[in-house]
Amino acid sequence: MTFSWTRVGAILRKELRDYRRNRFVIFSMSALPLLFIVLTMIQLFTIKVSSSPRLNDRIGISMLYLLIIPTMVPSALTAYSVVGEREQGTLEPVLITPIRREEFLVGKALAAFAPTLVIAYTLFGVFLGAAELFAQPAVVSAIFERSHVLVQLLYTPLLAGWSIWMGIGISARSTDVRAAQQLAVFASLPPLGLVALLSFNVIPASVGLALGLAAGLLVVDGFGWRAVAALFDRERLITGGRA
Amino acid sequence: MATGPHGSQPDAALVVEHLTKRFGERTAYEDVSFEVGYGEVFGFLGPNGAGKTTMVRTLGTLLAPTSGSARIAGIPLAFETGAAIRGRISIMPESPGLYLRLTVEENLECFAGLYELRDVRERVATALRAVNLTDRARDPCGSLSKGLRQRVALARALLNDPAVLFLDEPTSGLDPVAARDVHALIGGLRDRGVTIFLTTHRLEEAERLCHRVAILNTTLLLIGRPDELRERLFTQALDVRTRTPLPDPGGVFAGLAGVSGWEQPTPGSYVLHVADPDAAAPAVARALVGAGADILSIVESVHSLEDVYLQLVAEDAEAQR
Ligand SMILES: Nc1ncnc2c1ncn2[C@@H]1O[C@H](COP(=O)(O)OP(=O)(O)O)[C@@H](O)[C@H]1O
Ligand SMILES: [Mg+2]
């Protein structure tokens, strides 16, 4: 039995169809990002160029708000992914098919990854557009001058990947959707915390450090499915953890 | 359809040998052996908690057995063969487990993908036709009644044209009309030669649909054709009713030719144990008339599978005490 992208696609398509008709998902995909783009904008437009040594920090902080989106949106989705299906009774029919757990997990992960990227990059585009049009020229040039854009583009998928695997892993081991969601939000934060420490210069930021962190996240994201697959125990999922 | 745990047919759909499943201290089922031939509808009958669902999940490779062995559609049950077995069978679980926000069609499309079927549209349409749901294809599953959801689940189980179709309590919780519809569908599948393993706690269901029935209460109590089971468990009897209770039933029935014993369940009704009901009935009638009794009826008692079942489960409970 080889890895089947047909089966991954079946899970992915089903998830995306389901999201579109799920009020909770629509809410977490729109309300949360809206909140943070507004906060980002407020940050951006209240920057006084006169305090120019702090200018770069202020921009960094506003960008940090934007990175909360790829961190938080997927954890709301993925925390539900396994335990939610189990509670609904829809997991057993899926596990009865020839699907491998890796296929199931990758399907679930992509279903959270794709909309997260779309939302996060779109909002980043909105942010850049708004800055271009309305922010003071010094602010705009500072945004594009430094590595802010690169950091944003790079860290958005990396942070999303981390919180996706955390969320799915927690979901596979939980017996309760709510508990899984709370735990998943906490578990999604550590890498964002590191990024924050870099932005605030608590840890002196350097290109090397930023790339090192990125590389670390990339490894976690690339191999996360293996760790999560190990947590995914058919028998335990079917018998409801009673065994 | 020759059976028996030994002398197994090489091409049996299911061969189960000394299978046991424990959850820690608790035994779900123990030392169960049976065989099911291709084209057979096999009933797995037992009260709640008898281990039916656990057996289905074991044979469906969702749970690993504690001991014993099994072959499913010719494939030995083992960790490595799980996916291969799952590709050859399908299970309709106790609750349909549909994606309620998706339409009927979308639910089936998802599973057609999971089975890697090629002609998805056609297979989905065929499955929907098989359960008479073509006109509901675009309805969200959340808007369907329980009976219709069950039919969608059945359509989903038919998608991959399974070598063995497991139906776990297919009519539990359905109203009589919906249950009758599901029965008709299962009857249709049986007539098409689909191999079905059906669990139920409802006897008339097993009796109506199944070629053979196994009665389970953690261990396998009995296995055979419904009519065989009835015969094996009950001696033949005549049910006699009179307008008023006989003053001296012993005097009337004792020593009658062909009557080996009698009981009086309620005053005015009597059960006579006989070797041959047809031969004994005229003598019984003559004796009753001779005693001046007004006869309401003399009929051969018919035991349903229900009687067999209740008696077995009761005996089993007694034995365990
Ligand atoms: N996951 C589990 N953990 C512990 N005991 C279980 C589990 N699943 C089932 N059982 C027990 O196994 C027995 C058989 O259950 P089940 O197969 O569901 O019966 P049925 O389907 O015939 O009603 C019951 O006593 C039940 O409590
Ligand atoms: Mg059951």
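Figures for the structure shown
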quantity: Heavy-atom accessible area ranking, 1.4 Å probe, most first, across B:192, A:58, A:173, B:118; calculated: B:118, B:192, A:173, A:58
quantity: Per-residue ³J(HN,Hα) for segment B:165-173, Karplus 6.51 cos²θ - 1.76 cosθ + 1.60, θ = phi - 60°, Hz, x for Gly and Pro; calculated: 9, 9, 10, 9, 6, x, 10, 5, x
quantity: Normalised contact order of segment B:1-152, rounded percent, pairs of Cα under 8 Å and 6 or more residues apart; calculated: 18
quantity: Computed over segment B:101-154: relative contact order in percent, which uses C-alpha pairs under 8 Å that are six or more apart; calculated: 47
quantity: Solvent-accessible area of residue A:225 with every protein chain in place, 1.4 Å probe, in Å² to the nearest 10; calculated: 80
quantity: Average accessible surface area per residue within the protein assembly as shown, 1.4 Å rolling probe, Å²; calculated: 45
quantity: Proximal lysines to residue A:14, defined as alpha-carbon separation beneath 27 angstrom and excluding residues fewer than eight positions away on the same chain; calculated: A:108, B:146
quantity: Cβ-derived FRET efficiency at R0 51 Å, residue B:135 paired with residue A:175, nearest 0.05; calculated: 0.80
quantity: Burial of 10 Å² or greater, segment A:1-47 residues [accessible area, probe 1.4 Å, versus chain by itself]; calculated: A:1, A:4, A:6, A:7, A:10, A:11, A:14, A:17, A:18, A:21, A:22
quantity: Accessible carbon and sulfur surface of chain B relative to its total accessible area, %, 1.4 Å; calculated: 51
quantity: Fraction of beta bridges assigned by DSSP in segment B:12-225 that are antiparallel (%, nearest 5); calculated: 55
quantity: Two-site label geometry, residue A:23 and residue B:285: point separation in nm, points 7 Å out along Cα→Cβ; calculated: 7.2
quantity: Normalised alpha carbon radius of gyration of segment B:235-300 [divisor 2.2 N^0.38 Å]; calculated: 0.95
quantity: Proximal lysines relative to residue B:21, as straight alpha-carbon distance under 17 Å, when same-chain residues fewer than 8 apart are discounted; calculated: B:52
quantity: Accessible-area value, residue B:143, 1.4 Å probe, nucleic acids and ligands omitted, Å²; calculated: 70
quantity: Among A:75, A:31, A:147 the positive-end extreme of the charge dipole of segment A:5-239 (Cβ point charges); calculated: A:31
quantity: With DNA, RNA and ligands ignored, accessible area of residue A:38 (1.4 Å probe; Å², nearest 10); calculated: 80
quantity: Heavy-atom accessible surface that B and A bury in contact, both chains counted, 1.4 Å, Å² to 100; calculated: 2800
quantity: Of the DSSP H helices in chain A, those whose Cα atoms cover at least 27 Å axially and whose Kyte score averages 0.0 or more; calculated: A:23-45, A:52-81, A:101-134, A:148-173, A:177-199, A:207-231
quantity: Where Rh is the Kirkwood radius over Cα pairs, Rg/Rh for chain B; calculated: 1.09
quantity: Residues losing 50 Å² or more accessible surface upon assembly, segment B:57-104, compared with the chain by itself, 1.4 Å; calculated: B:57, B:62, B:83, B:86, B:99, B:101, B:102
quantity: Size of electric dipole in segment B:12-225: Cβ of Lys, Arg +1 and of Asp, Glu -1, about Cα centre, debye, nearest 20; calculated: 160
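The values are calculated or read from the model by the stated rules, or taken from the named source; none is laboratory data. Here the structure is a predicted model, which is why all the values come from computation and not from measurement. So basically every Cβ, Gly included, is an ideal-geometry build from the backbone, and we count neighbours across all protein chains shown. Heavy atoms of the whole protein, side chains included, go into the accessibility calculation; ligands, DNA and RNA do not. Shrake-Rupley method; radii C 1.70, N 1.55, O 1.52, S 1.80 Å.
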